[in-house]
1. What is the antiparallel percent of DSSP beta bridges lying wholly in the protein assembly as shown, to the nearest 5?
2. Just the number, please: carbon plus sulfur as a percent of the accessible area of chain D, 1.4 Å probe, no ligands or DNA/RNA counted.
3. Which lysines, if any, have their Cα less than 20 Å from the Cα of residue C:64, not counting same-chain residues under 8 positions apart?
4. Pick out which of C:56, C:82, C:128 has the largest mean-square fluctuation in a Gaussian network model of chain C, springs linking Cα atoms closer than 10 Å.
5. Net charge near residue E:36, counting Lys/Arg +1 and Asp/Glu -1 over other residues with Cβ under 11 Å of its Cβ?
6. Just how far, in whole angstrom, is segment D:52-86 from segment B:126-140 if you go by their alpha carbon centroids?
7. Quick one: of the DSSP bridges fully inside segment E:5-116, what percent are antiparallel, nearest 5?
8. Less than 19 Å from a label point 7 Å out along the Cα-to-Cβ axis of residue C:131: which backbone N atoms in segment C:2-41 qualify, by residue?
6 protein chains.
Amino acid sequence: MKPKIALYPGTFDPITNGHIDIIERAGNIFDGVIVAVAESSAKQPMFPLDKRKKLIEIATAHCKNLQIISFDNLLVDLAEEIGTKIIVRGLRAVSDFEYELQMGYANASLDPEIETIYLMPNLPNAFISSSVVRTILCHNGNVSHLVPKSIMPLLKSENDVLDI
Amino acid sequence: MKPKIALYPGTFDPITNGHIDIIERAGNIFDGVIVAVAESSAKQPMFPLDKRKKLIEIATAHCKNLQIISFDNLLVDLAEEIGTKIIVRGLRAVSDFEYELQMGYANASLDPEIETIYLMPNLPNAFISSSVVRTILCHNGNVSHLVPKSIMPLLKSENDVLDI
Amino acid sequence: MKPKIALYPGTFDPITNGHIDIIERAGNIFDGVIVAVAESSAKQPMFPLDKRKKLIEIATAHCKNLQIISFDNLLVDLAEEIGTKIIVRGLRAVSDFEYELQMGYANASLDPEIETIYLMPNLPNAFISSSVVRTILCHNGNVSHLVPKSIMPLLKSENDVLDI
Amino acid sequence: MKPKIALYPGTFDPITNGHIDIIERAGNIFDGVIVAVAESSAKQPMFPLDKRKKLIEIATAHCKNLQIISFDNLLVDLAEEIGTKIIVRGLRAVSDFEYELQMGYANASLDPEIETIYLMPNLPNAFISSSVVRTILCHNGNVSHLVPKSIMPLLKSENDVLDI
Amino acid sequence: MKPKIALYPGTFDPITNGHIDIIERAGNIFDGVIVAVAESSAKQPMFPLDKRKKLIEIATAHCKNLQIISFDNLLVDLAEEIGTKIIVRGLRAVSDFEYELQMGYANASLDPEIETIYLMPNLPNAFISSSVVRTILCHNGNVSHLVPKSIMPLLKSENDVLDI
Amino acid sequence: MKPKIALYPGTFDPITNGHIDIIERAGNIFDGVIVAVAESSAKQPMFPLDKRKKLIEIATAHCKNLQIISFDNLLVDLAEEIGTKIIVRGLRAVSDFEYELQMGYANASLDPEIETIYLMPNLPNAFISSSVVRTILCHNGNVSHLVPKSIMPLLKSENDVLDI
């Protein structure tokens, strides 16, 4: 049997406990997981690409068979390059679901062999989003229950640097 | 019995009949209402903070036990300062609902004692939003059925000043 | 100030941790809570009315200022009899939300002074429903994490009697 | 690497092209698929259990590493018996999504190691349901574009027998 | 130009102000409207088919170019018989929308030339449903604001006969 | 009978197969269709207004009784100018639906005689949006299955000019 590698794309601005939950679940189901960090320059991320990758590295130090990459092309082209057909996405809420349906069908229209599988985060993470984390960070609030403990020091120093 | 004070936060850009409906309902249920106007500078409001507060003052002149404040910190921190645990939010539609769920759980994660209660505006106001009002104002359309009559003169002069 | 009494109607077939969460929240916000158990004979409940009331009594023994009643008339008529205008409902998911919107507006059309307030259960209870509990009970599964510990003995004996 | 077996539960009353699509996708992602037909006597299926299994057998004759079983216990107990932790579900629409969220969290509360993965059927099958097929069959309409061609003869003879 | 006839199907158990609103709007847009009352025996209607037709007749006495028929076949077959390709449906809420999407695509799969057009009822009727009306009727509540005034006497006598 | 003219407004940035499907359906139902291209300068369109109109012209060359105009005023004012009361909108997904409800009720509040009718695109176009097309174009991906074949050459040259 050929190993099954799952591609988990996102902006991860920053990585949250919800993302970690999906990464760990994908790791249980598949033989390997590639976390693909979108540059997403159009979204004007709060954290630069390198920082976002660094935070994921630290937060996933305990995960086996995991690779972290960045990309700035179409997801189907990235999957082609990597040689996998399996994309993993987390589903949190109705608005997510609508968006994911649209993206899933767009990707399938570009490459019919792509299989997108959807996982729901466990309940404590069901409503965490990077956007909520950023909002709390901007007001100097506490996010230690929303993100991996290990990245907390870097989130703080980032704030100092950015003077947010 | 200690008086129950409800905190009603929002951007109010500008206040609409839907907001007034929620303020009046909250006033019927609780012993006092504090309307908290978010600075929301990131949203680039159409009306500056002072103007938004002024419009609310005029539109709520008939409401008893009402206070109008502005804030630029986390809602849970504002509630802590004020000494209330009750937040009131209007619910209009599914997308509202999803957003409110996420915000409600985010706030509960920061302060588990916070109680967010949701009210639905009465039918004639069920689909009014500040965003619709702004769109109509930008095209010199008539909003007199969507906002309190008493603020109409100020909305018009604002348009003159802004030359929209 | 006149005491604010909240009316919390439902079928409670059987009461779950989600219901308890809403009852406790309503108790924090209002001066008293009346749990109103609908006969709901059309729904063919799994537990008879008396049993449903008994389970609520046991499960809410720790709640102050709580009363448990049953009803078989329109909710607005019940509220009129009791002399309160405040109805409390839990909101769990989109389908709930749609249903609640429709019921809320139907009740408001019958009595415009009725105020329905909506509370969201805390996250661990966000997806519990009586229907899920009944399904698990019917297959002799474990529901001890979904319902109050104190009612577990009665749920079991019920199953024995019903030979489900 | 231990083979990954996916459990695909449902009532399949009757199997549709949408089900076949999910079975084929699951077969591409995992090393084997077990189609588990719920007795669902409470739903009063149109087709008896044996017929539903027979239809699946015929319709999936081309699928490798596939097994068809029936069950009448809790899904988590079935998964335990079979020795897999992976459940596959198709997601078609918002109401599906809400229901699946609730079921997924209920199953996770019974066995935290269960992983439910969700797949979206391809577009031509995105709105097919067994319920639509049954409605059309009841009115002697044409369902040959909604179900596998190979089961058409059996659906017809069933109608004859049932005199629908 | 050939006259455009719209087919408006439903159970109408009983007809509500929401239905009347859609009938009037369809009458403004098209050259004629055919109200098609589904037998819907599987739904076990509260009012028998003849009574439902009678109520519609009375309630639509003011509408021109209107015809009332009943049907018990597939909607696409009925449209074929009548010789129109235009079906009109009212859209009230998200759950409606999902259901309508599914039915719309099912009908399109049976006859690709069928055009289903969706109208939203005006705000005061946006949350009225026959189901709400039946619930209120069963508890002897007042439905005079939810249904056409002209059918009120017949709804009452029906209740007397049925002893509801 | 006076001819029925439908107004189909949008940004069309760029026109997709989904738009074409709605235009053709509206053309089957009504006696004429006016495609009204919103300037939408606030949305910062990818294609300038003239280009968007040009693309529609080419893509609809086969449609009879069609007119293409641009507008920058309120939709109800445009409808007034044109002398029609019928607005056509495509409905794709729940988020669309919510937005359309809000816009529809806003327009009805400005002119109660306006009738908005909603059409669902056929399945292959059910998840196409201009936004998906723009995203793929920005990454030099293939959109030939999402937009009319006839406009492909112009989309490419645009990319060359813009050096995207």
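1. If I count the DSSP bridges inside the protein assembly as shown, around 5 percent turn out antiparallel.
2. 51 percent
3. Cross-link targets: B:2, B:4, B:85, C:2, C:4, C:53, C:54, C:149.
4. C:82
5. Numbers: positive: E:53; negative: E:39, E:72, E:81.
Around residue E:36, the charge tally is -2.
6. Here the answer is 54 Å between Cα centres.
7. Roughly 0 percent of the DSSP beta bridges within segment E:5-116 come out antiparallel.
8. C:9-20, C:38-41
The values are calculated or read from the model by the stated rules, or taken from the named source; none is laboratory data. Just so it is clear, the structure is predicted and the values come from calculations on it, not from any experiment. Here Cβ is always computed from backbone atoms with ideal geometry, including for glycine, and neighbour counts include all displayed protein chains. The accessibility values were calculated without ligands, DNA or RNA, using every heavy atom of the protein model including side chains. Shrake-Rupley method; radii C 1.70, N 1.55, O 1.52, S 1.80 Å.
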